[in-house]
Amino acid sequence: MSYEVIKLRLFGSPAYCDNTHVEDFPLPKPSLLLFYLGYYGDWMTCEELAFFFRTESDEATARSYVRKLLNSAKRMPWANGLEIESERLRWQVDCDVNQFHKAIDEGRWHEAIDLYDGEFLKGRNDVGLPSYDAWLDTERESLSSKWHNAVLSYANDLEAAGQHFEAAKAAQQALSQDNFAEDALRIYIKNLYMGGRREQALKAAESFCELLRSELDLEPDPETQKLVDAIRDLMPVQKAASSRKYGRRVSDKPPEGEA
């Protein structure tokens, strides 16, 4: 059976999608080669791949290993479009991670948030290739950080539009992934406060401070404490300025005449 691959999914459990269905990738190591090529989508030399996959081996052994991976990978029916030349190869495939990066670069926060659908290559841990495991750890951390920043940018965009409960809900997404994310906590309690939920904001701040003390033996940042004091004293707080209004969806935009 042949597949017309239209998308490679690398967030969450890796899968390929054709015109009719979505199917999880199998576990064998040749899939790891396809994930790596699909992630970058550019030409890679056999020498680069040999060094990456078998850093500890001599060049001949490493190249032989990559050839075996490639021979198996190119027979997989979903590897349509895999381009192989004598000393280089690439796989240009529509990939959710590449779409995520593009959305981030263009400030389309909501789209980036939607695309981040779980941990990068979830379930592919300790694959038996040290360099691959290290690469996974690095990329997971980088992608998670980009997602976090996109969530907060989106929350600030909503705050600037006066949609405080939606902004708080967005910031809460980041807190659900990292309950020590103090930057997200500030956006969360500030928008609760500006939305008229002062007591809820103070309670959330108190719970966060208790968590910091009990788990990390730390006090909140001065910026956080200043915000909490302003909320407690019923003082005005500065509203975020939106630098990229196109980061919001059409449905998020305020009515005509509003900021």
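Give just the number: which of (1) under 30 Å from Ala241 (Cα atoms); (2) touching a strand residue (DSSP E or B) at 6+ places or on another chain (Cβ under 9 Å); (3) of a type in the set (Gly, Ala, Ser) does Ala174 not satisfy?
Every condition holds for Ala174 apart from (2).
Among the numbered criteria (1) outside any helix (DSSP H, G or I); (2) open to solvent by less than 70 Å² (accessible area, probe 1.4 Å); (3) of a type outside the set (A, V, I, L, M, F, W, C), which one does Gln99 miss?
Evaluating Gln99 over (1) outside any helix (DSSP H, G or I); (2) open to solvent by less than 70 Å² (accessible area, probe 1.4 Å); (3) of a type outside the set (A, V, I, L, M, F, W, C) leaves (1) as the failure.
Taking helices (runs of 4 or more DSSP H) that do not extend beyond segment 166-246, which have at least 2 residues that are modelled with pLDDT of 95 or more, open to solvent by 70 Å² or more (accessible area, probe 1.4 Å) and not polar (S, T, N, Q)? So that I can check it myself, show each step before the final result.
Working: elements: 182-194, 198-211, 222-232.
Those helices (runs of 4 or more DSSP H) span 198-211, 222-232.
Working only within segment 77-95, note down all residues that are touching an Asp or Glu at 6+ places or on another chain (Cβ under 9 Å) and surrounded by 20 or more Cβ atoms within 10 Å (Cβ to Cβ). Explain how you work it out, then say what you get.
Taking segment 77-95 as the starting set, the residues that turn out to be touching an Asp or Glu at 6+ places or on another chain (Cβ under 9 Å) are 78, 80, 87-92.
Scanning segment 77-95 gives Trp78, Leu89, Trp91.
Identify, please: which residue in segment 121-144 is outside any helix (DSSP H, G or I) and open to solvent by less than 30 Å² (accessible area, probe 1.4 Å) and is, among those, farthest from Gly12 (Cα to Cα)?
Step by step, filter segment 121-144, then rank; the result is Leu129.
The values are calculated or read from the model by the stated rules, or taken from the named source; none is laboratory data. For clarity, every value in this text was computed on a predicted model and none was experimentally measured. Please note: Cβ atoms are built from the backbone with ideal geometry, for glycine as well, and neighbour counts cover all protein chains shown. Each accessible area value is taken on the protein alone, full model and side chains, heavy atoms only, with ligands, DNA and RNA left out. Shrake-Rupley method; radii C 1.70, N 1.55, O 1.52, S 1.80 Å.
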